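First up is the structure itself, then whatever we jot down about it.
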2 protein chains.
Amino acid sequence: MLDEVRAIIERHRVLESLAERQRTDKRELLTQMQKRENLVELRRRLAGVHPADLASMIARLPPDERLLVVHQLAARDVGLTLVELDPEIRAAVIDDLDRQELEAALAELDADDLAYLADSVPAALIDQASASLDGAGRSWVADTSSHASGTVGRLMRQDVVALRGELTVAQAIDALRQGGELPPQTDRLFVTDARHMLRGAVPLATILRAAPDAPLASIASTEVAAFRPGDSAAEAAKAFERYDWVSAPMVDDLGKLIGRITIDAVVDYLRAASDQSALARAGLRGAEDLFAPVSESVRNRWPWLAFNLLTAFAASRVIGAFEETITRVVALAALMPIVASIGGNTGNQTVALVIRALALDQLRETHGRLAAKEAAVGALNGVTWGMIVGAVALVLYHSLALSLVMATAIFLNLIVAALAGVAVPLLLRRTGRDPAQGASVLLTFVTDAMGFLLFLGLATAFLR
Amino acid sequence: MLDEVRAIIERHRVLESLAERQRTDKRELLTQMQKRENLVELRRRLAGVHPADLASMIARLPPDERLLVVHQLAARDVGLTLVELDPEIRAAVIDDLDRQELEAALAELDADDLAYLADSVPAALIDQASASLDGAGRSWVADTSSHASGTVGRLMRQDVVALRGELTVAQAIDALRQGGELPPQTDRLFVTDARHMLRGAVPLATILRAAPDAPLASIASTEVAAFRPGDSAAEAAKAFERYDWVSAPMVDDLGKLIGRITIDAVVDYLRAASDQSALARAGLRGAEDLFAPVSESVRNRWPWLAFNLLTAFAASRVIGAFEETITRVVALAALMPIVASIGGNTGNQTVALVIRALALDQLRETHGRLAAKEAAVGALNGVTWGMIVGAVALVLYHSLALSLVMATAIFLNLIVAALAGVAVPLLLRRTGRDPAQGASVLLTFVTDAMGFLLFLGLATAFLR
């Protein structure tokens, strides 16, 4: 469909440039009419498309074409599409919309969607849009958006279906008939008491198959895991993954049912978290709109570049300390990056495994054991690759002493790399940081600096 | 709970070593009795624990303790726990079980679970276990496990609920009552005709609220997206994410309903894919059991180490070509890794963004535009960091010429890095490879080799 839309946009451009050249021409009116017809066709083509598909299409268009598409959408579709867009694209589109358009789009959204957008839209606009909601909706928007990111509170929805336990199955079904459509991802209903306390849950499948006169309380399971708004979103996501839930109830501190989390929000959360972690590993602060201005991209990238440069200078000073040795045996200059590089590689393999184990909670009292094992892997790799590299160096430079220094430095640096690969993520985590962010830069610093130190130090001692 | 289980295991060990020392002692019998009692307590403690929780606990235990836990489980729990384990842990546990135990565990599993385990268990055992299934179950196990990995066929389940469209809602509910429990993640029923062709879908919520005498066909939506076994699992997962599905039907080439995919399988698939990609980026072939023997770990890690070493030697030859210049200006040896390192960093930032854009299908005809933008970001970063590094080099080495060479080399290498960062993942993808796997090693090779070439080449030309 993207191709079709782009074809219409292309036609629009041609007509536009035609109209431009015809400013003083009598054919101008005709071109303007064709232009309008063309846009009507675009509008017709876009009507009824799922907001998630609109969002994906918009993300792939350059900024000016994005706006052309958004302008052909009904206000409600604009609102729903904003909800579906990735944050960095959403920010760009919101920047380009004018205030009236944004107001109209927000006015079409429910409390859950408004709360979801609260981070991306000026607070005044959110307030204005939620003014048209009922009291519960207004306070929902205010409450939900106040929870810290990374908590379940940010994922929860208001659209929970709760019924009193005294109702019979037949009465419950009647109540559902009167209540309008059930919200999506409703796999079970929650049972509450007179004070709105969560008392149990009944799957829709159970209601469907139950005797009409059975009271809900008698067919509800009473052991229902519930979340509170301050709970960790990562932990909640793990529970959804582990127990294959579709929805789970949210309660307040007293046990009152206040909302629910659904699997679609969990999937979005997991996707965002794994995206974020992949970008963080590469030293980026966040995702980037591919069509964002260069200045924004530079801002996103410089902090880790700066940090990396600092560590590179530190490693460079290690080399600087051995200038005299290098002048004597200039082959060292060519060989030393190999020692550093293979150390960085093995170390980063260990880092990746440790970060995964931390994410899966597999590391508790086993740090010592893991370090010993990784050191053994490093030593075994070190003997193997040390001998291979030593042999190649011997062929290239015809010096047995140089070749032995190279082999020994690689052997030792791979052990250093293995130990640092275990230690760096664990230390980052102990200081409350995300081990994925920066572990690689720190590890590479250790293996570079130690690689240069070991190789050039051994060379200074044994080569003459 | 892990702590409790480990305490019981600890007690078991103490009693065991006691029994060992008492070989010839009269108290042996007493100790043996205590040992048995202790294991009974462990068994009692483990009964009723969710298989997913058992799996997570087992993954955190060292191999001998894993077996002790598995031996206290009922055969059915062993089977279900095997299904829940991560592949690398599952392989280790299966290796440790004897054939009878494994047979007993597999005998308890249904066709879907057996098909899921087909990759991890010897084919003979799967055949033996599926012999006790009905004909449909047997051919399901054989068919499903024959699909290529990465296809929807590997995710599909047999437990789909299908009803004929002529049935009224009341008749359908009766049929469901007689059919036993609905399978989990059943959010909608599928409507088929006399030839089992998929004709539509009805959400449970709709059935619950419909008039009892309405025919299913009249309340079913007929536009149902269905998958075929050969479809890409990644594309199916995208559709689940986009449209917030809980389940989707699977059909054969004729349109006959053959099974379904459910969101829990999609979530597991997404988790495995993002894990795999994080490990691949670090140059690992796959996940590792933290307690696996050292030899297995070495096997998992050596291919990318070998490739990295090749590229490191190639970069080293670039330096070797400038030995004379380095002898003349030894400061070059200390500074050259900085040029290479900052190039590798900016390049890897671009690689991460391009890989993400490829995964989100955001890159179609926009390669040129993206390359131009990244080159601009690289140039801007290059001017900034080149000047900063040049200034620091001036302070350290008091040579304006050296400082200008350094600044120019960084400027040029950052542009090279940006272009390579766009090109490398695109080329890997065009050759049918996973851009995450190896992009970083290739990129670093380009930025290292070009960094050394630019810096030492400029130095040779302008420094004397």
Once you order the gyration tensor axes a ≥ b ≥ c over the Cα atoms, which shape class does the range B:109-153 get: rounded for a/c under 1.5, otherwise prolate or oblate by comparing a/b with b/c? oblate
Across 5 Å bins from 0, what is the distribution of all Cα-Cα pair distances for the range B:59-190, in whole percents? 2, 9, 17, 18, 16, 13, 11, 7, 4, 2, 1, 0
Under unit Cβ charges (Lys, Arg +1; Asp, Glu -1), what dipole magnitude, rounded to 20 debye, does the range A:173-267 have relative to its Cα centre? 120
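To the nearest 20 debye, what charge dipole does chain A have about its Cα centre, counting +1 at the Cβ of each Lys and Arg and -1 at the Cβ of each Asp and Glu?
Details: 46 positive and 56 negative charges, 305 e Å.
I would put it at about 1460 debye.
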When 1/r is averaged over all different Cα pairs and the result inverted, which Kirkwood radius in Å belongs to the range B:1-72? 12.9
Mind checking the dipole of the range B:39-83: about its Cα centre, +1 per Lys or Arg Cβ, -1 per Asp or Glu Cβ, Debye to the nearest 20? 100
Pick out, from B:ALA372, B:VAL121, B:LEU358, the residue whose Cα sits farthest towards the positive end of the charge dipole of chain B, with +1 on the Cβ of Lys and Arg and -1 on the Cβ of Asp and Glu. B:ALA372
Using only the alpha carbon atoms of the range A:261-306, find the Kirkwood hydrodynamic radius as the inverse mean reciprocal pair distance, in angstroms to one decimal. 11.9
Helix-only [θ] at 222 nm, chain A, -39500 (n - 2.57) per DSSP H run of 4+, per residue, nearest 500, equals -22000 deg cm²/dmol
Project the alpha carbons of the range B:332-386 onto their principal axes and report the range along each, largest first, in whole Å. 43, 19, 13
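Taking the Cβ of A:PRO337 as the centre, find all other residues whose Cβ is under 15 Å away and add up their charges (Lys, Arg: +1; Asp, Glu: -1). Let's see the in-between values first.
Details: positive: B:ARG317; negative: A:ASP448, B:GLU323, B:ASP448.
Once all neighbours under 15 Å are counted, the net charge is -2.
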Of the GluC sites (Glu not before Pro) in the range A:96-194, which ones lie in a loop per DSSP and count no more than 14 other C-beta atoms within 10 Å? A:GLU166, A:GLU181
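Let me make sure I get this right: for the protein assembly as shown, a, b and c are the square roots of the gyration tensor eigenvalues over alpha carbons, sorted descending. Under 1.5 in a/c it's rounded, otherwise prolate if a/b > b/c, else oblate. Which is it?
It is oblate, given that a/c is not under 1.5 and a/b is not larger than b/c.
What accessible area per residue comes out for the protein assembly as shown, rounded to a whole number of Å², with a 1.4 Å probe?
Details: 40290 Å² over 928 residues.
Accessible area per residue: 43 Å².
For the range B:1-123, with all protein chains present and a 1.4 Å probe, just round the carbon and sulfur fraction of the accessible area to a whole percent. Walk me through the numbers on the way to the answer.
On the way: 3160 of 6260 Å².
Heavy-atom surface of the range B:1-123 belonging to carbon and sulfur, 1.4 Å probe: 50 percent.
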Distance from the range B:121-177 to the range B:46-118 (C-alpha centre basis), Å: 22
Rough spin-label spacing in nm, given labels placed 7 Å along Cα→Cβ, for A:ASP174 and A:ASP53: 4.2
I'm checking a number: the convex hull volume of the Cα atoms of the range A:1-140, normalised per residue, in Å³. What is it? 113
Inter-chain shielding metric for B:287-299, i.e. average beta-carbon neighbours from other chains within 10 angstrom, reads 5
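Assign one of three labels to chain B, namely rounded, prolate or oblate, based on the Cα gyration tensor with a ≥ b ≥ c the square roots of its eigenvalues; rounded applies when a/c is under 1.5, prolate when it is not and a/b is larger than b/c, and oblate otherwise. Before the final figure, lay out the partial values.
Values: a/c = 3.18, a/b = 1.48, b/c = 2.14.
It comes out oblate by the Cα gyration axes.
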Across the range A:176-181, in residue order, what do the Karplus-derived ³J(HN,Hα) couplings come to in whole Hz, using 6.51 cos²θ - 1.76 cosθ + 1.60 with θ = phi - 60° and x for Gly and Pro? 5, 4, 6, x, x, 3
Going toward the positive end of the dipole of the range B:133-177, with +1 on Lys and Arg Cβ and -1 on Asp and Glu Cβ, which of B:VAL152, B:ALA170, B:GLY137 do you reach last? B:VAL152
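Local charge sum around A:VAL141 (other residues, Cβ-Cβ under 10 Å, Lys/Arg +1, Asp/Glu -1)? Display every interim value, and only then the final one.
Numbers: positive: A:ARG138; negative: A:ASP110, A:ASP112, A:ASP113, A:ASP127, A:ASP143.
Computed value for this residue: -4.
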Using the alpha-carbon centroid of each, what span in Å lies between the range A:308-347 and the range A:257-273? 48
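At 1.4 Å probe size, with the rest of the protein present, what percent of the exposed accessible area of the range A:197-307 is carbon and sulfur atoms? Spell out each step's value before the answer.
Values: 2460 of 4440 Å².
Heavy-atom surface of the range A:197-307 belonging to carbon and sulfur, 1.4 Å probe: 55 percent.
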Where trypsin sites (Lys or Arg not before Pro) fall in DSSP loop in the range B:357-396, at most 12 other Cβ within 10 Å: B:ARG364
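For the range B:203-267, what is the relative contact order in percent, using Cα pairs closer than 8 Å and at least 6 residues apart in sequence?
Values: 49 pairs, mean separation 16.0, N = 65.
25 percent.
Taking Cα pairs under 8 Å and at least six residues apart, what relative contact order does chain B come out at, in percent? Walk me through the numbers before you get to the answer.
Details: 586 pairs, mean separation 49.1, N = 464.
Relative CO of chain B lands at 11 percent.
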Compactness ratio of the range A:245-285: Cα Rg over 2.2 N^0.38 Å, N = residue count? 1.66
Give the whole-number value, in cubic angstrom per residue, of the convex hull volume spanned by the C-alpha atoms of the range A:370-448. 81
Label geometry 7 Å along the beta-carbon vector: A:ARG99 inter-copy distances in nm: 8.0
Scoring the range A:47-204 by relative contact order with C-alpha pairs under 8 Å, at least six apart, yields a percentage of 14
Mind checking which aspartates and glutamates have their C-alpha under 14 Å from B:LYS35, skipping anything on the same chain fewer than 8 residues away? B:GLU10, B:GLU16, B:GLU20
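Taking all pairs of distinct Cα atoms, average 1/r, flip it, and tell me the Kirkwood hydrodynamic radius of the range B:145-267 in Å to one decimal place.
Values: mean 1/r = 0.0678 Å⁻¹.
Every distinct Cα pair counted, the radius reaches 14.7 Å.
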Cα-only Debye scattering, the range B:322-464: base-10 log of I(q)/I(0) at q = 0.19 Å⁻¹: -0.98
Shielding by partners, peptide A:306-317 (average Cβ within 10 angstrom, other chains): 5
Just tell me how shielded A:181-192 is by partners: mean number of partner chain Cβ atoms within 10 Å of each residue's Cβ, no decimals. 3
Listed highest first by mean packing, meaning other Cβ atoms within 10 Å per residue, what order do A:344-351, B:453-460 come in? A:344-351, B:453-460
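The values are calculated or read from the model by the stated rules, or taken from the named source; none is laboratory data. Keep in mind that this is a model prediction, so the values were computed, not measured. Note that each Cβ is placed from the backbone with ideal geometry, even for glycine, and that neighbours are counted across all protein chains shown. With ligands, DNA and RNA removed, areas are computed over all heavy atoms of the protein, side chains included. Shrake-Rupley method; radii C 1.70, N 1.55, O 1.52, S 1.80 Å.
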